[in-house]
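What follows is a short report on a single structure.
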Amino acid sequence: MIRAVVRGFGAALPKQVLTNHDLEKKVDTSDEWIVQRTGIRQRYIAGEGETTASLGAEAARAALANAGLTPDDIDLIIVATSTPDNTFPATAVNIQNRLGMHHGFAFDVQAVCSGFVYAMATADGYIRGGMAKRALVIGAETFSRILDWNDRTTCVLFGDGAGALVLEATEQPGETSDRGILTSSLRSDGSHKEKLYVDGGPSTTGTVGHLRMEGREVFKHAVGMITDVIIAAFEATGTTADDLDWLVPHQANRRIIEGSAKKLGIPMEKVVVTVDVHGNTSAASIPLALATAAGDGRIKQGDLVMLEAMGGGFTWGSVLLRW
Ligand code: ACO
């Protein structure tokens, strides 16, 4: 059968680093409070000229170079983002143009922090369905542009960045030992809208708006939702937590990551954590973490890797793949 196999990875971060100590000068907070509650020590913030599309294009170029491919080899671009350069056209089309690509097709997926998991599952469907041979799947965000920088309960949590994977259609035997995406499990429930949302939009206020969050409420639901979709992936493939080489979670908060790993019996040595340096980069956090751990040699070909995320909506989901 055809599987979508990871062929390359790449990442891009803004130039400017904003530490917790820098934030102490902007709002009434402390490095100690932020580290203890979230595990975040610093985040990257987009400067002038750096946008979701520019960071996404840089990550895409890095992923293509890592794969030994050029834009000519790609026929699909999916960008997961909630902070597009423009309301339309899609950031994916903007990136397509920046890559000098005039063939194939490109579109955005909007599932907030779960966006990359949704985009991977979507690309997998197109590849297995025969509509694409090689896809760039990009998570790119500039959440700094939708934060209320006077709200200490949210502005300390988020950062900017982008990560990308090249997925390639590859004939595999159709077994759990196959390389590529083995299964995806996606969920959403719109009744949780008020717990994490942006208070503006083209069709309501005509403005971009700012991120609003009931942190405790998000925290309360996160671990249960995350573990449910991971268990669904195990059940669909007949695998268990012991078979996993790596858990690469959405990087929202160290306590959520540790709570989920503990509930599933996954030791923290098998969990990729980058929230300390990147903060929460929403849809970019998983591909940034993947690029970090594959780049430093932790994730190797043949490793069984679980991706998971939960975010605004609520949306949540998992993707189980063999690298
Ligand atoms: N610095 C210092 N004090 C603060 C800050 C801050 N940045 N923010 C809030 N506080 C204060 C509050 O005002 C409150 O003070 P009070 O007791 O005098 O009223 C106190 O700290 C405790 O506030 P809580 O909101 O109850 O703090 P909590 O322990 O719940 O931690 C946090 C807040 C970190 C947001 C936590 O709820 C959390 O991690 N939630 C998950 C949210 C998340 O990760 N969202 C990311 C987006 S969703 C996703 O990606 C999955």
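Below are the figures for this structure:
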item: Per residue convex hull volume, Cα atoms of region 2-171, in Å³; result: 114
item: Area accessible to solvent at Tyr126, 1.4 Å probe radius, in Å²; result: 60
item: Calculated [θ] (222 nm, deg cm²/dmol) that DSSP helices of n ≥ 4 give over the chain, each run adding -39,500 (n - 2.57); result: -9500 deg cm²/dmol
item: Largest-first ordering by accessible area, 1.4 Å probe, given options His21, His102, His278, His221; result: His102, His21, His221, His278
item: Pairwise FRET efficiency - Ser191 versus Ile231, Cβ, R0 = 30 Å, nearest 0.05; result: 0.85
item: Under 12 Å from Lys26, Cα to Cα: aspartates and glutamates that are on another chain or at least 8 residues apart; result: Asp148, Asp151
item: Residues of region 221-237 with amide N under 18 Å of a point placed 7 Å along Cα→Cβ from Glu175; result: 237
item: The chain: DSSP helices with Cα axial extent of at least 30 Å and average Kyte-Doolittle hydropathy no lower than -0.5; result: 215-237
item: Lys/Arg +1, Asp/Glu -1 at C-beta; the chain dipole; positive extreme among Asn20, Met225, Leu182; result: Asn20
item: DSSP bridge orientation in region 2-171 - percent antiparallel, rounded to nearest 5; result: 70
item: Cβ-placed point charges (K, R +1; D, E -1), dipole of region 25-65 about Cα centre in debye, nearest 20; result: 100
item: Net charge dipole size for the chain [Lys, Arg +1 and Asp, Glu -1 on Cβ; Debye, nearest 20]; result: 120
item: Mean-position separation - Cα centroids, region 28-49 and region 61-107, in angstrom; result: 30
item: Kirkwood hydrodynamic radius (C-alpha pairs) into Stokes-Einstein, the chain, 20 °C and 1.002 mPa s, D in µm²/s; result: 111
item: Nearby lysines by direct alpha-carbon distance to Lys220 (threshold 16 angstrom, same-chain neighbours under 8 apart not counted); result: Lys193, Lys195, Lys262, Lys263
item: Per-pair calculated FRET efficiency, R0 = 41 Å: Asn86 and Arg255 via Cβ, rounded to 0.05; result: 0.70
item: Sequence ranges 245-256, 292-303, ranked by mean other-Cβ count within 10 angstrom, highest first; result: 245-256, 292-303
item: Solvent-accessible ranking of Met1, Met225, largest area first, probe 1.4 Å; result: Met1, Met225
item: Unit charges at the beta carbon, dipole of the chain: most positive-side option, Ala236, Val271, Leu69; result: Val271
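The values are calculated or read from the model by the stated rules, or taken from the named source; none is laboratory data. All of these numbers come straight from a predicted model, not from anything done at the bench. Cβ sites come from the backbone with ideal geometry, for glycine too, and all protein chains shown count toward neighbours. Areas reflect the complete protein model, heavy atoms only, side chains present, ligands, DNA and RNA absent. Shrake-Rupley method; radii C 1.70, N 1.55, O 1.52, S 1.80 Å.
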